[in-house]
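Scroll down for the structure; my scribbles are underneath it.
The values are calculated or read from the model by the stated rules, or taken from the named source; none is laboratory data. Everything numeric here is computed off the predicted structure, so don't read it as measured data. Cβ placement follows ideal geometry from the backbone for every residue including glycine, while neighbour counts extend to all protein chains displayed. The accessibility values were calculated without ligands, DNA or RNA, using every heavy atom of the protein model including side chains. Shrake-Rupley method; radii C 1.70, N 1.55, O 1.52, S 1.80 Å.
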Amino acid sequence: MAEASPAAGALAGVKVLDLSRVLAGPWCTQILADLGADVVKVELPGAGDDTRHWGPPFLQDAQGQDTDQASYFAACNRNKRSVTIDMSKPQGQALIRQLAEQADVLVENFKVGGLAKYGLDYASLSALNPRLVYCSVTGFGQTGPYAERAGYDLLIQASSGMMSITGRADGEPGGGGVRVGVALTDLFTGVYASTAVLAALRAREQTGRGQHVDMALLDVGMAILANQAAGYLNTGKVPQRQGNSHPSLAPYQDFPTADGAMLLAIGNDGQFARWCEAAGRPEWSRDARFATNTARVHHRTTLIPAMEELTRQRSTAQWVALLEDKAVPCGPINDIGQAFADPHVVARGLRLDLPRDAGDGIAAVAGVASPLRLSEHPPVLRNAPPALGQHTDEVLRELGLQDGDIAALRASGTV
């Protein structure tokens, strides 16, 4: 690996071969790409990553008309170079092996054993490149009775128990298990995978060898149950759905206001006392039923309705303004448009627009900035998510192929 410079990103010089598709694997490799790694994404000629077709919504051209390229793909593939290679063909397998020999990291999310028939599994490629960090992302991991099953985020949210604690209680209107509004286990698997890859690269500095990283959506789905899992494991009591309220904190939920609703996230007794003072009910913080968090949790059925009577008397904006200087966490329940229009979000530069010159009529692709804020080596936003095969010739020339060689591969359907 070459030494990184601040302008190039912390991972400058790291070469990543991305054989993954959809979300968990591409989310991992986008994090690495944002940090400066050179990520080459291998896609099937003529089709590409499945998410290129997961629309609507679609990317728009300069005239504001929908294209045939789904915006989903754009969420997790910026800063990458796209090369199209058909790995079912021997020549395609040979090209990928050449890329793997030069790579520091390979990320794939095929079914367990799915790449062995192509000679692209960990055992085969680590024999060619012992320094290769090879990360496999699957639904259920490389071992266990479910190892060969396909895994999707929705399935994992259900089987991990996540849906059993998400949504309103069974006895309430709209009660029942609900999935989180984004593919949470896919995203967290990508984040955990990037951490594991970085750890493996660090270990390689001492050992000189890469290793196999086994990432499973189910493992991650269980891990991110966090306090809910800890509560069950240490008490034997199975947590239940309870809408927007919190099992261990009160008041920590949504409240009605004169013009809608707001969130109060009161995490300690001092915050509750300050809320009571601001709301004109200072005596509540001295009431034995409400003076401590544990007491408030036990008496929430009394406290919450009483608070709701007060919160309905002001608008959401009035409550936010009233509590802003009192260190009481309070805020609106925004839709995504309102969130991106928020002045703090604007000030933090969380929307980014990356120009794209791929000859497909799409002048720029909008996205969300990396949340990684490194003072010396910040994320480097180099390129928009690529068009399918946009960098095929460029990448193959870097392998030493001549234009005639590339033309022959294209004629055979290999690239």
Inset, instruction - For the range 271-284, state whether one or more residues are under 14 Å from Ser248 (Cα atoms), of a type outside the set (Ser, Thr, Tyr), surrounded by 13 or more Cβ atoms within 10 Å (Cβ to Cβ) and within 34 Å of the chain's Cα centre (by Cα). - result: no
Legend entry - Total residues in the range 313-351, condition surrounded by 11 or more Cβ atoms within 10 Å (Cβ to Cβ) and more than 28 Å from Ala250 (Cβ to Cβ): 7
Legend entry - Matching residues, the range 173-213, being in contact (Cβ under 8 Å) with a residue 40 or more places away in the chain, touching a strand residue (DSSP E or B) at 6+ places or on another chain (Cβ under 6 Å) and open to solvent by 20 Å² or more (accessible area, probe 1.4 Å): Gly175, Ala196, His212
Legend entry - Filtered residues of the range 125-172 (kept if open to solvent by less than 60 Å² (accessible area, probe 1.4 Å), at negative phi and assigned to a loop (DSSP other than H, G, I, E, B)): Asn129, Pro130, Leu132, Gly139, Phe140, Gln142, Ala147, Ala150, Gly151, Ser160, Thr166, Ala169
Legend entry - Counted residues, the range 125-177 - those being among the acidic types (Asp, Glu) and under 20 Å from the mean Cα position of the chain (by Cα): 1
Inset, instruction - Could you check Asp353 against (1) part of a strand (DSSP E or B); (2) touching a Leu at 6+ places or on another chain (Cβ under 9 Å) and say which number it fails? - result: (2)
Inset, instruction - Tell me, please, whether a residue that is under 17 Å from the mean Cα position of the chain (by Cα), within 30 Å of Asp405 (Cα to Cα) and not in a loop (DSSP other than H, G, I, E, B) can be found in the range 10-20. - result: yes
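This table checks each residue for (1) of a type in the set (S, T, N, Q); (2) free of Cβ contacts under 8 Å to residues at least 40 places away in the same chain; (3) more than 30 Å from Gln93 (Cβ to Cβ); (4) surrounded by fewer than 17 Cβ atoms within 10 Å (Cβ to Cβ).
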| residue | (1), (2), (3), (4) |
| --- | --- |
| Ala369 | no, yes, yes, yes |
| Gly389 | no, no, no, no |
| Asp405 | no, yes, no, yes |
| Ser412 | yes, no, no, yes |
Legend entry - Those residues of the range 11-36 which are crowded, with 24+ Cβ neighbours inside 10 Å, among the small types (Gly, Ala, Ser) and in contact with an Asp or Glu (Cβ under 8 Å, 6 or more places away or on another chain), in sequence order: Ser20, Ala24, Gly25
